[in-house]
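Student: First the structure, then my questions, so here it is.
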Amino acid sequence: SQKIEQNSEALNIQEGKTATLTCNYTNYSPAYLQWYRQDPGRGPVFLLLIRENEKEKRKERLKVTFDTTLKQSLFHITASQPADSATYLCALDKGSNYQLIWGAGTKLIIKP
Amino acid sequence: DSGVTQTPKHLITATGQRVTLRCSPRSGDLSVYWYQQSLDQGLQFLIQYYNGEERAKGNILERFSAQQFPDLHSELNLSSLELGDSALYFCASSVAGEYWDTQYFGPGTRLTVL
């Protein structure tokens with residue numbers, strides 16, 4: 001079955017630097033991959049969606065890449081700020097059944 | 001504000017009891033999803049409805065049930081509660097319930113079972 005791996009350890013980044021988070025999956029390549037942000041005690045908030053035929057997607061300081069050969073998506077935050085500190089989740093389609101599979105998330109800490 | 005509302009915000013109850021969590025989706029969204037998130041755990045998909053019909057089922061326990069009503073609001077019923085059911089329960093909605101749809105999450109209901 002499809003599995004998602006995200007860095008389980010928190011990622012500490014200095015303010016102003018680029019933060020890069022990884023989402024690896026096994027088995028088949030999803031048609032769509034989404035990234036969400038979750039703050040403690042709150043519901044996830046959608047950030048970006050990338051399709052299998054797209055190599056890269058950008059939105060302001062955010063960039064997502066999708067490498068179907070490596071079975072990996074990278075999520076970048078440039079010019080990081082303390083307000084970017086949160087847990088970032090990736091989710092991808094299961095290929096059927098309308099269901100998304102969610103990664104456990106990576107906690108990002110941006111230090112001033 | 002996502003436009004998805006959930007009530008109640010907090011719920012404290014005892015083992016063996018039954019509770020009902022309520023969710024109102026964003027205006028215009030036809031699909032509702034329920035998720036469970038235990039402390040420091042990832043999101044666990046429970047169940048999805050689309051326009052009143054069950055569309056997908058995840059790891060939902062037999063003690064749990066849900067439904068979506070004609071006005072599209074949804075309820076998640078949890079019965080014979082156990083300590084391990086303590087968690088944040090999120091409802092999300094999307095326009096058409098397709099896996100490329102953006103899911104809009106509510107603020108969650110924090111359930112504590114004592």
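Student: Quick check on this structure: which one of B:P107, B:P70 is touching a residue at least 60 places away in the same chain (Cβ under 8 Å) and in a loop (DSSP other than H, G, I, E, B)?
Tutor: Unique residue meeting the criteria: B:P107.
Student: Can you name the condition, by its number, that B:W100 falls short on among (1) aromatic (F, W, Y); (2) in a loop (DSSP other than H, G, I, E, B); (3) under 14 Å from the mean Cα position of the chain (by Cα)?
Tutor: Result: B:W100 fails condition (3) only.
Student: Could you check how many residues of the stretch A:73-101 are closer than 21 Å to A:R58 by Cα and of a type in the set (F, W, Y)?
Tutor: Of the residues in that region, 2 qualify.
Student: Let me ask you something else. Mind checking which pairs have a first residue in the stretch A:21-41 that is within 12 Å of chain B (Cβ to nearest Cβ) and a second that is surrounded by fewer than 22 Cβ atoms within 10 Å (Cβ to Cβ) and part of a loop (DSSP other than H, G, I, E, B), Cβ under 6 Å, 6 or more apart or different chains?
Tutor: Within 6 Å, the pairs are A:A31/A:E52; A:Y32/B:W100.
Student: Are any residues in the stretch A:48-65 within 14 Å of chain B (Cβ to nearest Cβ) and either in a loop (DSSP other than H, G, I, E, B) or over 21 Å from A:Q38 (Cβ atoms) (or both), and if so, which ones?
Tutor: Result: A:R51, A:E52, A:N53, A:E54.
Student: Restricting attention to the stretch B:69-89, report how many residues are of a type outside the set (A, V, I, L, M, F, W, C) and either under 24 Å from B:T15 (Cβ atoms) or within 14 Å of chain A (Cβ to nearest Cβ) (or both).
Tutor: Matching residues across the stretch B:69-89 total 9.
Student: Sticking with this one: What are the residue pairs meeting all of these: first residue in the stretch B:40-55, first residue over 10 Å from B:Q67 (Cβ atoms), second residue basic (K, R), Cβ atoms under 9 Å, and 6 or more apart or on different chains?
Tutor: So the pair list comes out as B:F45/B:K57; B:L46/B:K57; B:Q48/B:R55; B:Q48/B:K57.
Student: From the list B:S86, B:S65, B:S94, pick out the single residue that is over 17 Å from B:P8 (Cβ atoms) and surrounded by fewer than 20 Cβ atoms within 10 Å (Cβ to Cβ).
Tutor: Unique residue meeting the criteria: B:S65.
Student: Let me ask something else about it. Criterion first (of a type outside the set (D, E, K, R), at pLDDT below 95 and over 28 Å from B:P107 (Cβ atoms)) does A:S8 satisfy it?
Tutor: No: the conditions fail for A:S8.
Student: Going by what's in this entry, would A:A104 be described as more than 11 Å from the chain's Cα centre (by Cα) and outside any strand (DSSP E or B)?
Tutor: For A:A104, the condition - more than 11 Å from the chain's Cα centre (by Cα) and outside any strand (DSSP E or B) - is not met.
Student: Which one of these is facing chain A (nearest Cβ under 9 Å) and either β-branched (V, I, T) or touching a Cys at 6+ places or on another chain (Cβ under 9 Å) (or both): B:G97, B:G106?
Tutor: Just one listed residue meets the conditions, B:G106.
Student: So which of B:A92, B:A66 ends up being under 10 Å from the mean Cα position of the chain (by Cα), within 12 Å of chain A (Cβ to nearest Cβ) and modelled with pLDDT of 95 or more?
Tutor: One residue alone meets the criteria, B:A92.
The values are calculated or read from the model by the stated rules, or taken from the named source; none is laboratory data. All of these numbers come straight from a predicted model, not from anything done at the bench. All Cβ positions, even for glycine, are placed from backbone atoms using ideal geometry, and neighbour counts span all protein chains on display.
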